[in-house]
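Asker: Would you mind keeping the following structure in view while I ask a few things?
The values are calculated or read from the model by the stated rules, or taken from the named source; none is laboratory data. Since this is a predicted model, take the numbers as computed values, not measurements. Backbone-built Cβ (ideal geometry, glycine too); neighbour counts: all protein chains shown.
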Amino acid sequence: MATFLYKLGRFAFRRRGFIALMWVALLTLAGVGAATAPAPGATSFSIPGVEAQKAFDLLEQRFPGASADGATGRIVFKAPKGQKMTDAANRATVDRTVKALSGGSEVVSVADPFTTRAVSKDATVAYASVRYDAPGMELADATRDALEKAADDARAAGLTVDVGGDALQAGAEPGATGEIIGLAIAAVVLVVTLGSLVAAGLPLLTAIVGVGIGVSGITALAKALDLGDNTSTLALMIGLAVGIDYALFIVSRYRSELAEGRDREEAVGRATGTAGSAVVFAGLTVVIALAGLSVVGVPMLSKMGLAAAGTVVVAVLIALTMIPALLGFAGKKVRATGEKRRSRGSEAEASGPSAASRQTRPGLGVRWASFVVRRPAAVLLLGVVGLGAIAVPAGQLQLGLPDDGSQPTSTTQRRAYDLLSEGFGPGFNGPLLIVVDARKSDDPQAAAASVTDGIKGLKGVVTVTPPAFNKAGDTATITVIPGSKPSSAQTEDLVHAIRDQGAGIRSGTGAQVLVTGTTAMNIDFSQKLNDALVPYLALVVGLAFLLLIVVFRSILVPLKAALGFLLSVLAALGAVVAVFQWGWLGGLIGVEETGPVMSMTPIFMVGVVFGLAMDYEVFLVTRMREAYVHGESPSQAVVTGFRYSAKVVAAAAVIMMAVFGGFISSSEAIIKTIGFGLASAVFFDAFIVRMAIVPAVLALLGKRAWWLPKWLDRVLPDVDVEGESLKTQGTAAGAQDGDAKDDDRELVRA
């Protein structure tokens with residue numbers, strides 16, 4: 001591995017014009033594809049295997065033309081103070097609104113509140129339901145405009161009017177300001193770390209090129225592959241973070257190689273062979289974690305994970321090829337590590353020994369590592385207890401999906417939600433749709449009546465509508481209004497109670513009872529993700545554990561890495577619960593409404609955080625293993641690893657936190673939550689687990705940390721991440737032009 005990447009780096013350095021042109025051509029091609037691709041339609045959302053999805057599919061078969069997945073809109077009216085909706089003037093306004101909406105080309109039906117008894121008991125609130133033949137995201141702009149105009153006209157007549165439902169679904173507002181701030185922070189960190197604007201600009205440039213190719217490719221394929229907006233957002237989030245970090249590690253190693261006195265081409269080759277090897281394996285762990293989302297069984301998550309994994313692959317390839325090429329273009333503008341310090345040190349030496357001693361004082365990373373090596377037990381205990389305390393709120397994690405009740409109070413959807421709760425009760429915003437499949441029943445009418453009677457006797461039920469049969473008379477639908485809001489635990493308990501009762505009805509009458517609707521679908525989705533979390537974790541951690549055994553040639557080091565990751569992700573989930581569920585400090589990041597945490601948050605955090613945690617593990621510990629392999633004692637190897645890697649890993653972590661933190665400004669709940677969770681997890685993992693717990697454990701284990709059974713040592717491939725094979729590679733390869741040409745021809749053939 002190290003030898004191949006060494007040759008690849010030298011090839012890219014010498015053929016930098018070709019490499020740069022190749023990546024620019026790919027970026028242009030992806031951009032043209034994105035610009036000319038057809039506009040994507042609505043993203044289909046399905047959860048194969050769950051009861052709510054089976055019920056939706058059954059409705060499509062038994063009620064053809066009913067548009068079970070069509071959008072719905074609720075225009076909610078509230079009379080002025082002291083008036084009622086049944087007053088003549090207010091009633092006339094509602095009638096005009098209903099008539100204005102009835103002529104829409106995509107409208108299936110509009111329910112008049114005065115004929116459907118959609119008026120509150122005190123007659124102050126009423127609503128008109130509008131059903132469409134297309135899902136919310138597929139509605140034409142003219143249809144949305146007509147709905148908003150009808151509401152505006154009713155407001156002009158003196159009523160309080162708001163619109164709920166999914167007919168006005170809006171895409172997420174891009175958090176451009178937050179992302180720009182995140183990139184600005186990353187730029188400052190890069191300048192401080194790498195010492196020059198040119199060196200700092202290289203990781204930013206390559207990360208932007210990689211993300212541009214990845215996101216443009218996703219946009220170009222969005223229509224064909226049914227990819228949603230969140231797919232490109234996740235790819236952007238992950239691609240920026242890893243793209244900057246991977247480039248940073250190679251540039252930093254290049255500067256270290258220059259400091260050893262090597263010429264620029266040789267330094268590029270060695271940097272690509274050593275740090276590049278770490279980049280490859282770190283990237284593999286991220287790809288495994290993201291691609292592993294496919295095991296969850298939700299098509300939308302699989303597509304998001306695979307798209308983000310593809311962007312990570314692009315970031316790795318760019319780091320291995322474009323960075324060496326750009327270093328060739330930069331020439332002497334990228335200096336060796338400590339070049340300025342050495343010149344200042346010479347001046348200090350001339351001015352006196354005390355000044356010189358100050359210049360040679362060990363860096364903060366070395367001093368911290370030396371302290372940890374001297375007090376490993378105390379550092380380990382403090383780190384574990386601290387993360388454990390932060391993780392405590394995770395024990396009360398509640399999962400759910402957002403509804404109109406979680407929208408900001410400034411939105412019309414949230415105001416409509418509140419008006420309906422005020423007039424009809426909180427459960428009215430989350431009705432349950434019961435589907436009675438009586439095809440195998442001797443008496444479908446009796447079976448449906450039995451279901452209705454049984455549901456009426458359940459705790460938490462406010463209203464049960466009479467069964468409505470299809471034309472064939474073998475399938476009925478029943479609407480149930482709970483007494484609690486859609487995202488509450490009481491509503492979830494009611495769904496399970498209806499399903500438990502349905503099992504008894506099936507055994508007695510032969511009719512199958514299915515619970516669906518948006519609320520039931522959200523409950524089933526959360527449960528499916530919960531059930532998939534442990535298998536997903538086992539798969540991802542298991543594969544990465546095997547990969548790290550190959551990288552480190554150790555059993556205990558990968559085991560320690562996996563356990564440290566669990567601490568990080570639990571602490572991050574605890575922080576997410578405290579902010580988004582309990583509301584602690586939520587106002588600082590724009591959390592307007594607390595409630596259950598987004599269902600997808602834990603599984604996304606597990607996947608992404610594991611990949612990023614292994615990044616830091618690989619970059620930091622490979623330097624320690626390199627020192628150990630070259631003859632240093634275990635404790636000294638820990639200090640050496642920090643001397644060369646601590647500053648860069650810390651910079652990489654700050655950059656990732658800045659990038660992820662930039663997405664907290666998004667108006668999309670899942671993006672905001674995941675951005676906060678990932679930023680928190682990176683802080684916990686990089687600065688507590690990798691910078692404190694890992695060196696403490698290695699110091700306690702000593703030589704045992706690098707133990708590997710002899711039989712396993714013989715079986716495992718030698719990937720040479722430390723670059724041991726490069727000891728004899730550089731001089732001959734760099735001195736003879738014929739060898740360089742051979743390397744080029746070999747790489748071209750590969």
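Asker: Consider only pairs whose beta carbons are under 8 Å apart and that are at least six residues apart or on different chains; among these, list those whose first residue lies in the stretch 377-391 and is part of a helix (DSSP H, G or I) and whose second residue is among the polar types (S, T, N, Q).
Answerer: Filtered contacts from the stretch 377-391: Leu387/Ser568.
Asker: Here's something else I'd like to know. Given the options Gly607, Gly595, Gly542, name the one that is outside any helix (DSSP H, G or I) and of a type outside the set (Asp, Glu).
Answerer: After applying the criteria, what remains is Gly595.
Asker: Find all pairs meeting these conditions: Cβ atoms under 8 angstrom apart; at least six residues apart or on different chains; first residue within the stretch 16-37 and closer than 23 Å to Arg264 by Cβ and part of a helix (DSSP H, G or I); second residue modelled with pLDDT under 95 and among the aromatic types (Phe, Trp, Tyr).
Answerer: Close Cβ pairs satisfying both conditions: Arg16/Phe329; Ala20/Phe329.
Asker: Say whether the condition of being of a type in the set (Lys, Arg) and at pLDDT 55 or above is met by at least one residue in the stretch 710-720.
Answerer: Initially, the stretch 710-720 is screened for residues of a type in the set (Lys, Arg), giving 710, 714.
When the remaining residues are screened for being at pLDDT 55 or above, the result is 710, 714.
Yes, there is a match, as at least one residue in the stretch 710-720 is of a type in the set (Lys, Arg) and at pLDDT 55 or above.
Asker: Within the bounds of the stretch 132-148, is there any residue that is modelled with pLDDT of 90 or more and over 21 Å from Gly70 (Cβ atoms)?
Answerer: Looking for residues that are modelled with pLDDT of 90 or more and over 21 Å from Gly70 (Cβ atoms), one finds none in the stretch 132-148, hence no.
Asker: In addition: Going by the structure shown, is Ala692 within 31 Å of the chain's Cα centre (by Cα) and touching a residue at least 60 places away in the same chain (Cβ under 8 Å)?
Answerer: Considered against the rule, which asks whether it is within 31 Å of the chain's Cα centre (by Cα) and touching a residue at least 60 places away in the same chain (Cβ under 8 Å), Ala692 comes out as yes.
Asker: Just the residues that are over 17 Å from Leu529 (Cβ atoms) and assigned to a helix (DSSP H, G or I), please, taken from the stretch 573-592.
Answerer: The initial filter retains those residues of the stretch 573-592 that are over 17 Å from Leu529 (Cβ atoms), namely 574-575, 578-579, 582-592.
Hits for the stretch 573-592 are Gly574, Ala575, Ala578, Val579, Gly586, Gly587, Leu588, Ile589.
Asker: OK, next. Of all residues in the stretch 143-160, count the ones that are touching a Phe, Trp or Tyr at 6+ places or on another chain (Cβ under 9 Å) and either part of a loop (DSSP other than H, G, I, E, B) or loosely packed, with under 14 Cβ neighbours inside 10 Å (or both).
Answerer: Matching residues across the stretch 143-160 total 1.
Asker: Within the stretch 115-127, identify whether any single residue is modelled with pLDDT under 90, charged (D, E, K, R) and over 30 Å from the mean Cα position of the chain (by Cα), and answer yes or no.
Answerer: Start the filter on the stretch 115-127 by keeping residues that are modelled with pLDDT under 90, which leaves 115-118.
Filter again for charged (D, E, K, R), leaving 117.
After this cut, where a residue has to be over 30 Å from the mean Cα position of the chain (by Cα) as well, the list is 117.
Yes; the residues of the stretch 115-127 include at least one that is modelled with pLDDT under 90, charged (D, E, K, R) and over 30 Å from the mean Cα position of the chain (by Cα).
Quick grid of which residues meet (1) of a type outside the set (Ser, Thr, Tyr); (2) at pLDDT below 90:
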| site | (1), (2) |
| --- | --- |
| Val209 | yes, no |
| Ile218 | yes, yes |
| Leu221 | yes, yes |
| Leu225 | yes, yes |
| Thr231 | no, yes |
| Leu234 | yes, yes |
| Tyr246 | no, no |
| Arg262 | yes, yes |
| Val268 | yes, no |
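Asker: May I ask you to verify whether Ala200 is free of Cβ contacts under 8 Å to residues at least 24 places away in the same chain and over 24 Å from the mean Cα position of the chain (by Cα)?
Answerer: Details: free of Cβ contacts under 8 Å to residues at least 24 places away in the same chain: yes; over 24 Å from the mean Cα position of the chain (by Cα): yes.
The answer is yes for Ala200.
Asker: Can you confirm whether the stretch 342-352 contains a residue that is modelled with pLDDT of 85 or more and among the small types (Gly, Ala, Ser)? Quick ask: steps written out before the conclusion?
Answerer: First pass over the stretch 342-352, keeping only residues modelled with pLDDT of 85 or more: none.
No, every residue in the stretch 342-352 fails to be modelled with pLDDT of 85 or more and among the small types (Gly, Ala, Ser).
Asker: For the stretch 628-716, please list each of the helices (runs of 4 or more DSSP H) lying entirely inside it that holds at least 3 residues being within 28 Å of Ala571 (Cα to Cα) and either touching an Asp or Glu at 6+ places or on another chain (Cβ under 6 Å) or not acidic (Asp, Glu) (or both).
Answerer: Of the helices (runs of 4 or more DSSP H) lying wholly inside the stretch 628-716, those with at least 3 residues that are within 28 Å of Ala571 (Cα to Cα) and either touching an Asp or Glu at 6+ places or on another chain (Cβ under 6 Å) or not acidic (Asp, Glu) (or both) span 634-662, 669-683, 694-701.
Asker: Right, another one. Could you tell me whether any residue of the stretch 274-296 is modelled with pLDDT of 85 or more, part of a helix (DSSP H, G or I), of a type in the set (Ser, Thr, Tyr) and more than 21 Å from Phe4 (Cα to Cα)?
Answerer: Checked against the condition, which is being modelled with pLDDT of 85 or more, part of a helix (DSSP H, G or I), of a type in the set (Ser, Thr, Tyr) and more than 21 Å from Phe4 (Cα to Cα), the stretch 274-296 yields at least one hit.
Asker: Sticking with this one: Identify all residues within the stretch 200-223 that are of a type in the set (Val, Ile, Thr) and in contact with a Phe, Trp or Tyr (Cβ under 9 Å, 6 or more places away or on another chain); write none if there are none.
Answerer: Thr206, Val209, Ile213, listed by residue number.
Asker: Looking at (1) surrounded by 24 or more Cβ atoms within 10 Å (Cβ to Cβ); (2) more than 20 Å from Met605 (Cα to Cα), which one does Met237 not meet, given that it meets all the others?
Answerer: Condition not satisfied by Met237: (2).
Asker: Sort out which residues of the stretch 219-256 are under 16 Å from the mean Cα position of the chain (by Cα), hydrophobic (A, V, I, L, M, F, W, C) and assigned to a helix (DSSP H, G or I), and write them in order of number.
Answerer: If the condition is that a residue be under 16 Å from the mean Cα position of the chain (by Cα), hydrophobic (A, V, I, L, M, F, W, C) and assigned to a helix (DSSP H, G or I), then Leu234, Ala235, Leu236, Met237, Ile238, Leu240, Ala241, Val242 are the ones that fit.
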